[in-house]
1. Of the residues 344, 348, which is surrounded by fewer than 19 Cβ atoms within 10 Å (Cβ to Cβ), more than 13 Å from the chain's Cα centre (by Cα) and modelled with pLDDT of 90 or more?
2. For the condition more than 15 Å from residue 203 (Cβ to Cβ), touching a helix residue (DSSP H, G or I) at 6+ places or on another chain (Cβ under 7 Å) and surrounded by 24 or more Cβ atoms within 10 Å (Cβ to Cβ), what is the one hit in 276, 336?
3. Does residue 58 satisfy being surrounded by 21 or more Cβ atoms within 10 Å (Cβ to Cβ) and at pLDDT 90 or above?
4. Conditions: (1) over 22 Å from residue 41 (Cα atoms); (2) assigned to a helix (DSSP H, G or I); (3) without any contact (Cβ under 8 Å) to a residue 40 or more places away in the chain. Residue 312 meets all but one. Number of the miss?
5. Residues 307, 247, 265: which one is assigned to a helix (DSSP H, G or I) and at pLDDT 90 or above?
6. Report whether or not residue 115 is farther than 24 Å from residue 329 by Cα, crowded, with 16+ Cβ neighbours inside 10 Å, touching a helix residue (DSSP H, G or I) at 6+ places or on another chain (Cβ under 8 Å) and touching a residue at least 40 places away in the same chain (Cβ under 8 Å).
């Protein structure tokens, strides 16, 4: 790990600062929206716009990189992100914000694609897995740190919009001034959705539903908090708890996934998330319990994403993993676009608690479908399954492919113990 930090510190530092900026803008807009009198449903459209831009960017930025190169794309998208972050405060209207969120989502998608290919090129076969783990960790740290910064200014003013804009601008300095050469960029072949469905119906359905879960957590948590009457400090702590839970749950759940039928673990986690969110919805618990619920849903959702990717790849040849990852990420993106909008509609129907009801329904859907799929075909033998790779929902198809390939190589070197 020290070798990874020594050779890739500039990129990892830049990514952490970028995630601080991204984490702040999501929480800040949810709070500022209420101050500006923007309705819950209008804010749900604003939040969904980010994921529409992200999905569009994941399909178009690779061609842009091949046309003009990594450095130019990286610098241009970074400048666009920084500019939009400061412009939010100058045009507090939901239509303007939705347009800006499309631009932000598109730009961050391109930045992730570029950064992940750069990190892979700077890594060796021996430390590539550690490099990707470090990358995912600094992403989580960045988002958690963003919630702390939410408390240094007034969300009704300009200062909190200036901070992420400055941090994003600074993030590109160490990266662009580093000596690392721009990597070659390969085209990832697409797999048809029919082929994906044939390989793993559970992977397709689960990834789609999790897209809605992640977009609700990332985009609507602060909207819920303002509707529920929480303070800025309470909202930022709630959002931070989601990512703290995800950070600490990935590795123990990954360890279990390599030693049992993954569908059992998927169903168990989905049921746990559903019960926790339904409990919050029906009981209106004290704030401390809300924090625990946030940690649980974060600790469920993040590993579930990695589990579903690993489970799908159990039924694919290694040569098909990259194309399957691209298809699954597209499905995830489609689910993510609908997540905030449905959440906003439910919150308008039943009140702020609709946020938790939506999360409960989607997690229950994942659990129920996993149980049903267990009746349709037998599980692959534990010793023949692929390895679990810790992945972020923001990871591009490039990073997913590299992470799964690296995890599989590590698994072949040290196979897991057989289940009793």
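1. Numbers: 344 fails: surrounded by fewer than 19 Cβ atoms within 10 Å (Cβ to Cβ).
Testing whether each residue is surrounded by fewer than 19 Cβ atoms within 10 Å (Cβ to Cβ), more than 13 Å from the chain's Cα centre (by Cα) and modelled with pLDDT of 90 or more leaves just 348.
2. Working: 276 fails: surrounded by 24 or more Cβ atoms within 10 Å (Cβ to Cβ).
After applying the criteria, what remains is 336.
3. Values: surrounded by 21 or more Cβ atoms within 10 Å (Cβ to Cβ): yes; at pLDDT 90 or above: no.
Judged against the criteria, residue 58 is not a match.
4. Of the numbered conditions (1) over 22 Å from residue 41 (Cα atoms); (2) assigned to a helix (DSSP H, G or I); (3) without any contact (Cβ under 8 Å) to a residue 40 or more places away in the chain, the odd one out for residue 312 is (3).
5. Details: 307 fails: at pLDDT 90 or above; 247 fails: at pLDDT 90 or above.
One residue alone meets the criteria, 265.
6. Working: farther than 24 Å from residue 329 by Cα: no; crowded, with 16+ Cβ neighbours inside 10 Å: yes; touching a helix residue (DSSP H, G or I) at 6+ places or on another chain (Cβ under 8 Å): yes; touching a residue at least 40 places away in the same chain (Cβ under 8 Å): yes.
In short, no.
The values are calculated or read from the model by the stated rules, or taken from the named source; none is laboratory data. In this text, all values refer to a predicted model and were calculated from it rather than measured experimentally. Cβ: placed from backbone, ideal geometry, glycine included. Neighbour counts: every protein chain shown.
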